[in-house]
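Taking it in order: structure first as structure tokens, then the write-up.
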Amino acid sequence: MDDGLDMRPSHGNALLKFAAVRRYIEISNTAMQGKWIRRNYVDLQAGPGKNRIGRRIVFGTPLIALTANFPATGFYFNELDKSNFDALSKRVNASDLKNTTHLFNDDANDIVTTVCRDLERQSGLNIAFVDPEGLEIEWSTIERLARVKRMDLIINFSTSGIRRAEGAGYYEVIDAFLGRMNGDQYGGLHRVKFGCRIWFSFTGNAWLYWLPNNYQKCWRVFKLYFSQNLT
Ligand SMILES: C[S@@+](CC[C@H](N)C(=O)[O-])C[C@H]1O[C@@H](n2cnc3c(N)ncnc32)[C@H](O)[C@@H]1O
């Protein structure tokens, strides 16, 4: 439904992302709702909450999480862009779950510390979704999330952004995004090159993978992962 607020213009391939995130949330909510008093959902780059895909209007990931069955008991939504943030805030305020939602208008690489500290005080079960537009997320942000106990991480990123950076010789940017492997410069690049081939045979238009967050630097991009930190 068009509520007159800002929406994110998206392509059809975003539907794959929404379907995957929705499915993961549903499975987790259904399986864990009777087992954990506290269950948190974190969206570090939440967008405005709704997307326009051609003539269709579809929920973005924060609204998918808010409207799921057996929803999380706590939500952490962050969005850097002010107009996106304002639209998201209004949509969240219209939800019955507004009192359990924390909203931040900050850089994900900065706010991650605040969010993780709050999660660590709760001893709950956590899902974090990271959904960069380009290569703006730093590896240290992923590492910080991965240190939170009982954390599932879902990360969606564009391989074309990495390819463009590679083509332009911006290896430092790639390293900031992927982290260095064993301290080697450009260590991530080889993994990405390998991963791209697999990726294209997988869906052809978006790359979703689950990072095994307690492996950190040992992850492999050529595999689809469901990641859990069970400690
Ligand atoms: C691909 S969209 C994700 C939208 C949302 N996850 C969804 O699928 O509905 C990425 C969002 O991140 C925001 N963004 C870009 N850089 C950011 C940063 N450094 N920190 C936080 N948000 C950022 C953009 O404004 C954009 O809304």
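Read the figures in this text as sums done on the coordinates, not as results from a lab. Since we're looking at a predicted model, the values are computed, not measured.
Determine ³J(HN,Hα), in whole Hz, for all residues of the range 121-131 in sequence, where each value follows from phi through the Karplus function 6.51 cos²θ - 1.76 cosθ + 1.60 and θ = phi - 60°; x replaces Gly and Pro.
Once θ is set to phi - 60°, the couplings for the range 121-131 become 7, 9, 6, x, 9, 10, 10, 10, 10, 10, 9 Hz.
Under 1.5 on a/c is rounded, so check that first for the range 5-160, then, if it is not, pick prolate when a/b is larger than b/c and oblate when it is not; a ≥ b ≥ c are the square roots of the alpha carbon gyration tensor eigenvalues.
rounded
Amide H to amide H, which residues 5 or more places from Lys50 or on other chains are under 5 Å from it, using H placed in the peptide plane?
Placed amide hydrogens put Arg8, Gly60 under 5 Å from Lys50.
Can you work out ³J(HN,Hα) from phi for every residue in the range 35-45, in order, using Karplus 6.51 cos²θ - 1.76 cosθ + 1.60 and θ = phi - 60°, giving whole Hz and x for Gly and Pro?
Once rounded to whole Hz, the list reads 9, 10, 5, 10, 9, 10, 10, 10, 10, 6, 9.
Non-local amide H neighbours of Asp152 (under 5 Å, H modeled in plane, Pro and chain starts lacking H): which ones?
Residues meeting the amide H criterion: Asn126, Ile127, Ala128, Asn229.
Please list the non-local residues whose amide H lies under 5 Å from the amide H of Gln45, H modeled 1.01 Å from N, same-chain partners needing a gap of 5 or more.
Asn78, Asp131
Can you work out the Karplus-derived ³J(HN,Hα) for every residue in the range 19-28? Use 6.51 cos²θ - 1.76 cosθ + 1.60 with θ = phi - 60°, whole Hz, and x for glycine or proline.
Listing the rounded values in order: 5, 5, 5, 4, 5, 4, 4, 4, 4, 5 Hz.
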